[in-house]
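Below: the structure, in structure tokens.
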Amino acid sequence: MKKSTIWAIAVIMGFSFLGLLFLQISYLEEMVKMKKEQFDESVNRSLYQVSHNMEMNETLRYLEKDVNETERRAFKQDSVTVDGIGGTIKHSHQFAVAADDGTVYSSFQLKTFEMKPAAVPKAMILNKDKSSLVDAAKTMQEIVRQRYVYQKGLLDEVVYNILYTASDKPLKERINFRMLDSDILNELMNNGINIPYHFTVSTTDGREVYRCPDYEEKGKEYTYQQVLFLNDPQSKRGIVRIHFPEMHSYIFSSVRFMIPSLIFTIVLLITFLFTIVVVFRQKRYTEIKNDFINNMTHELKTPIASISLAAQMMNDDSITKSEQMTKHLSGVITDESKRLRFLVEKVLQMSMFDKKSVVFKKKELDLNEMVENISQSFNLRVEHTGGKIYTEIEAIDSAIFVDEVHFQNAITNLLDNAVKYRKPDEPLNIYLRTWNDADKLYLSIQDTGQGIKKENLKKIFDKFYRVHTGNKHDVKGFGLGLAYVKKVVDLHQGDIKAESELGKGTKFTISLPILKED
């Protein structure tokens, strides 16, 4: 599959997952917002009802109290007159309700119907006289109206006392805080809210009158308030404030069922991204593997062809073989065999590292001495290019505990790369330097070769990776040298870093732990 096709599928699936995730988050936010609005409306409605109930309860208390007192202070005047002409009896009742100062502020007079005792039976309802029935109905209406006027007079006095007496009392005396707490709880439950709350009561100027015993400061951002005694003067009103410390959990509980789907979507998105990364990595590994196979084929064909050609010449009876020619052909076979064995061993070494079956034979060595020996063995190859190896031995504590063969091979590979990737027709200079600090021992290998591009620098330690231009490599190889160096250094608890600038050269720095004496 082409890389562009994979990218197209990845982009489409990625945007689809992101769109689904965005919709779920938007829906979740909308649900939280809606739940918050419903909660606000329910709390405000509950507090308004609490305020209304408080005024009603206060009115009822004054009504019960004042009605009894007013009834005790009410007086009645009765009068009975007889009309001598027709023998008609007139019975009158006079009621009056007076204020505390003795002023009569409501009165009425009820006159009963006229009747002739000798002519009308006591049970008027059985009288067949239609006029008497009409008079009886009118009399009942008057009785109801008289009762209404009487009760209205009592209520007028109660309202008068509430307006001018109750509002003069302080809030502590007007409010029963236990009943207020119970009323808040009942109203909240009636509106579907059953979570802990805390409340305070204060005056309009901010003086706190009451605070519930279990009051906590946390969660005060979810605070609601309601004015008490709204019809009283401004200075006589109270304010009840209520807040919910567990508001977050209440809102979360309403959208909890959405959390698993959101988590599953995120997991799917992460899995998809991981799958895409694996696909591209496998594609890159496939390309590297194919590149490695091509390189290995060319690398192995050269020594095989040289050995085959030398063997044919030795077996060809038509060719006169001198001692010098035989010696040359055997030398070619020997050199190419060594080269072939070296290539095979290189692949086998990396295979052993991958299987973790390699066994190090570590021993104490001197890094300064090792560097000097390796520089002398490579000096001839470097001088052949017209350059030179410069060594700066500055390490004081130069003892290391390493496998001699593998660690020397690692340093040799770095020097070999410097020689192979030198600038054509220009002398190559290599600088070897050792130094140490309190905990680490350092070795740097710097050359004046071609250098490496920045985008390639981070990949040079990958197995099978080789810096190249297009499909043509300037230098033959398997791409295992630096991977082998990295593996050896890591297994010796060390670290290796590469610095390079294209056209100016490359610098490798190896750091190893100092071998301290017990």
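The values are calculated or read from the model by the stated rules, or taken from the named source; none is laboratory data. Keep in mind that what you see is a predicted model, and the values were worked out from it rather than measured. Here Cβ is always computed from backbone atoms with ideal geometry, including for glycine, and neighbour counts include all displayed protein chains. The area values use the complete protein model at the heavy-atom level, side chains included, leaving out ligands, DNA and RNA. Shrake-Rupley method; radii C 1.70, N 1.55, O 1.52, S 1.80 Å.
When you look at Leu309, is it assigned to a helix (DSSP H, G or I) and not polar (S, T, N, Q), yes or no? Walk me through it before giving the result.
Working: assigned to a helix (DSSP H, G or I): yes; not polar (S, T, N, Q): yes.
Considered against the rule, which asks whether it is assigned to a helix (DSSP H, G or I) and not polar (S, T, N, Q), Leu309 comes out as yes.
Which residues, counting only those in segment 485-513, are surrounded by fewer than 19 Cβ atoms within 10 Å (Cβ to Cβ), of a type in the set (A, V, I, L, M, F, W, C) and not in a strand (DSSP E or B)?
Leu491, Leu502
Could you please find all residues in segment 396-418 being touching a helix residue (DSSP H, G or I) at 6+ places or on another chain (Cβ under 7 Å), surrounded by fewer than 21 Cβ atoms within 10 Å (Cβ to Cβ) and of a type in the set (Gly, Ala, Ser)?
none
Can you spot a residue in segment 174-197 that is at pLDDT 75 or above, touching a Leu at 6+ places or on another chain (Cβ under 8 Å) and over 25 Å from Glu246 (Cβ atoms)? Break it down into steps so the answer makes sense when it comes.
Quick first cut of segment 174-197, residues at pLDDT 75 or above only: 174-197.
Among the residues that remain, those that are also touching a Leu at 6+ places or on another chain (Cβ under 8 Å) are: 175, 184, 187, 194, 197.
Still in the running and over 25 Å from Glu246 (Cβ atoms): 175.
Within segment 174-197, one or more residues are at pLDDT 75 or above, touching a Leu at 6+ places or on another chain (Cβ under 8 Å) and over 25 Å from Glu246 (Cβ atoms).
So which residues in segment 192-208 are surrounded by fewer than 17 Cβ atoms within 10 Å (Cβ to Cβ) and either in contact (Cβ under 8 Å) with a residue 24 or more places away in the chain or within 18 Å of Val227 (Cβ to Cβ) (or both), if there are any at all?
Let us first name the residues in segment 192-208 that are surrounded by fewer than 17 Cβ atoms within 10 Å (Cβ to Cβ), namely 192, 194-196, 203-208.
If the condition is that a residue be surrounded by fewer than 17 Cβ atoms within 10 Å (Cβ to Cβ) and either in contact (Cβ under 8 Å) with a residue 24 or more places away in the chain or within 18 Å of Val227 (Cβ to Cβ) (or both), then Gly192, Ile195, Pro196, Thr203, Thr204, Asp205, Gly206, Arg207, Glu208 are the ones that fit.
May I ask you to list pairs of residues, at least six apart or on different chains, whose Cβ atoms are under 7 Å apart, with the first in segment 211-239 being closer than 15 Å to Ile195 by Cβ and modelled with pLDDT of 75 or more and the second being hydrophobic (A, V, I, L, M, F, W, C) and crowded, with 17+ Cβ neighbours inside 10 Å?
As it stands, the answer is Cys212/Phe199; Tyr224/Val43; Tyr224/Leu47; Tyr224/Ile242, since those pairs meet every condition given.
Could you tell me which of the residues Phe264, Phe252, Phe257 is within 16 Å of Tyr27 (Cα to Cα), open to solvent by 90 Å² or more (accessible area, probe 1.4 Å), of a type outside the set (D, E, K, R) and more than 17 Å from the chain's Cα centre (by Cα)? Steps first, answer last, please.
Working: Phe264 fails: more than 17 Å from the chain's Cα centre (by Cα); Phe252 fails: more than 17 Å from the chain's Cα centre (by Cα).
Just a single option satisfies the conditions, and that option is Phe257.
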